[in-house]
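Just so you know, all these numbers are worked out from the coordinates, no wet-lab data involved. Given the structure is predicted, the values throughout are model-derived calculations rather than measurements. Cβ: placed from backbone, ideal geometry, glycine included. Neighbour counts: every protein chain shown.
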Amino acid sequence: MEESVRGICGQEGCRETRYYIENGLWFCRQGHQQEGQEVIVDDENFGAQGRTARRKKVQAERRSKTYHGSDAFQLFLEAYQLLLWKQCHALVHVKGLPPELEGIVKDLWVLRLDKIYEGRDDIYVEDENSTQLFSSQTGVSNEIDKEEHQYHKRKLSTSPRVLDSLALCYLGILLLRLPVSIGWVTEDEIPFMRPLRFIPSEMKDRLPAIYHVAFETKNVPIGDQFHRAVADLVMLYYRGFSIEFPAINSSLLLFSYVKQLALPIEVFSAVKQLMKSVEFTYTFPKEVKGKFRRIYLPEVQLMSLVIVATKLLFPFDDIKRYPRAPNEPAVQVIDWDRWAEAQSTFDSRGISQGFLTNTAAMQATEKDAMEMTQQQLDEYMDWYDKLWLAETKASNPFAEMFPTSRAGNVEASSQARQTEDEAVAEKLQTVLSNLRVRRVITEEEASRRMEPILRPGCDYLRFRYENQLVDRARKFYDTAAKIISVSLETLVLAVYQTEGQIQSQKGKSGNN
């Protein structure tokens, strides 16, 4: 008796997968008849000429092209690897980073794969014929679908996220000791937003829906998400492979922060002095015992010192503090109102030029859309078309005669757009040109005065919570937080903790 292997029977809890034909009907090995599966035999092709057959044809059951089980998970990893390559390619060819980055990220990814395969628990195994289910097996089909969904959900819980791909690229940058901050993620120059659009349709069509959801990242990382993703990877590589990552390139990053915040160069020297008063390593922690503290993040440590140095030399209040000598950094006075104006102009540079930045497009609201110019609306629709509609366009020769996107002026617009470096230089020039000079009162002159003389650093204001910030301080803190892509709450708390360390170290030095 000829047998055929198909899907699970499912009748009365039967798990049989082998079937045979008897009298034109399908039966499983346990004797359960399969409804809707009848084979009609037309003996000797009788009456085939000149006659239309009215018999009900058995439709061949369609096999799904979606992968299942471990095959689907393997395809997910291949799609993830493709996305990782595209991100590295963009970093090298768009951001201008060294080509060696691709090799380093590849090596890190190979180690990550070893860790993934090391913990494989492929309890769910998909039979090659199990997609051919009978009409009587709907209940069993739903049960199998739930079982498979749980399998993929379990695999995704221990698999790298889309955010981890960017974190992996950042670790490669860290190993090269390049002064690149985390803030470039928000500009969408690196494939991150809706990464599903970068995966070929041949792979996408075979991925189960749960993996589509995993690739549908619709928002940029907020708060400290990216920093925590990098920190988690650093601890994973140390725990699994004893790999230690170097500290960030603090000197070059410090210079970049001072420039982006439009501060006098004296802040750079002041931060270097403050570094001796704290126990910061400017490295991601290899392991954490207890609760993870945000002050552990290296860029948060460095930016905290920048803010402390700024508050010491150029406080946000209007209290007059007189330096002792004309060569002290505090001789200069920043006009914080002009600084805020220059920063606002920098933040709205796309609007002022009639253009729309990627960041503004991602954060646009209905109110913003009502206030956009015609040029900005065109750019917003171009951005929306690239992000949401590009992958759905069909190759129709008639549709190509009526394009929905702008064919011309796009290149001209990008050339006319002011680069970020030019905008930073313009902001820096505006702020430095409005510096004032504070009167110098020497110790000898101060001794002749009857009232006490306030010196730089006196009446230092500390803010523990975000709601305690004065207006000028809030604008400065907020700008600094955006540069390193952390929340304002995180930076306020980190600065407060840094000030506590400096004060504690100063107290120890005084006792000695």
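Results, tabulated for the structure shown:
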read-out	value
Ranked packing of 328-337, 373-382, most packed first, by mean Cβ within 10 Å	328-337, 373-382
Length released on extending from residue 489 to residue 460, taking residue separation times 0.36 nm less the Cα-Cα span	8.4 nm
Residue 71/residue 111 FRET efficiency (R0 30 Å; Cβ-Cβ; nearest 0.05)	0.80
Projected area, mean over directions - region 447-512, Cα convex hull, nm²	6.7
